[in-house]
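Undergrad: Would you mind keeping the following structure in view while I ask a few things?
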Amino acid sequence: MMRAHGLWNIPRSDTSSEERGDGSIENASKWDTIKEELYELGLTTNEIEIYILLARSGFRKASEISRLLNIPKTETYVTLTNLQNKSIVREISGRPVKFEALPFEETFRMLIHKKKTEIESTEGSLKPLLDLWQSLPSRAIGSTSPQQFQKLKGLHRVYHKVKEMAHKATNEIIIMASVKELAQLETYGLMDDIHSIIENGVDVSIITEPDCNIVTPDDGLNIVACSSIQGDLPHMILMDREEMLAITDEGPDSKETMAIWTNCSTLCEAIHLFFTYEYSH
């Protein structure tokens, strides 16, 4: 996994816009999206930085890379070796030695293929692993999980967590969202997941705007029209009174989607009581 501070510190402030080729900080969100996808496909922070520098600016010496990205020389050489082993950077012989990146489209396709192969390999080992797990003797453990708060940043991570919560639900899911946010959930395939978990006996309630046409009661959902809140409707998801996710922006001037997730039992129960008291039929 990437270092905890890594992904969200990119693009590096000490990498000039001229070297990145963007020419404007307005493109920062585009860079974040590209880098987040490369991260999800298995590259580390330094690998992403070095690959993009080479892909955008052509041949570079290791010393130039180290200076432009403010990465120690030893770490730069190690990262270049790792990128060569992944076949997305190659060494150009000469004096001095330079390095060249594989074109972005080829790199992206190759990394996707590698990820698919890894997933298929993991799925093949699932049954033997489950058999092994079930053969182990049971061990008494505490019944409660540690209470946690977690900050998530980026659409992909936020909605991945939403889907994870939906699939874990065994009893009830309550969603509060505007029409716009429900459309976003639909774009990420969550509505299909909801229809699937309804068939498994999970009660799903959606609190939204009165004129919502994204979902209807005919879908097996409990639709609650909310017109009492002034301003934007909060975007929250509560699962089984055990986990809650509140989705928002990082700040008034930010376009970055972020969310706070928690399994704090006191807070989850309080939110459930609020929903039940305010919106129950």
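The values are calculated or read from the model by the stated rules, or taken from the named source; none is laboratory data. All values derive from a computational prediction rather than experimental measurement. Positions of Cβ are generated from backbone atoms using ideal geometry, with glycine treated the same way; all protein chains shown enter the neighbour counts.
Undergrad: When the residues of the range 240-258 are narrowed to those that are more than 27 Å from ASN200 (Cα to Cα) and not charged (D, E, K, R), which ends up modelled with the highest pLDDT?
TA: Checked the range 240-258; the qualifying residue modelled with the highest pLDDT is MET258.
Undergrad: Still on this structure: For the range 215-239: of the residues being under 24 Å from ILE260 (Cβ atoms) and part of a loop (DSSP other than H, G, I, E, B), which is modelled with the highest pLDDT?
TA: Among residues in the range 215-239 that are under 24 Å from ILE260 (Cβ atoms) and part of a loop (DSSP other than H, G, I, E, B), the one modelled with the highest pLDDT is PRO234.
Undergrad: Restricting to helices (runs of 4 or more DSSP H) lying wholly in the range 26-105: which have 1 or more residues that are among the charged types (D, E, K, R) and at pLDDT 90 or above?
TA: In the range 26-105, the matching helices (runs of 4 or more DSSP H) lie at 45-57, 62-69, 73-85.
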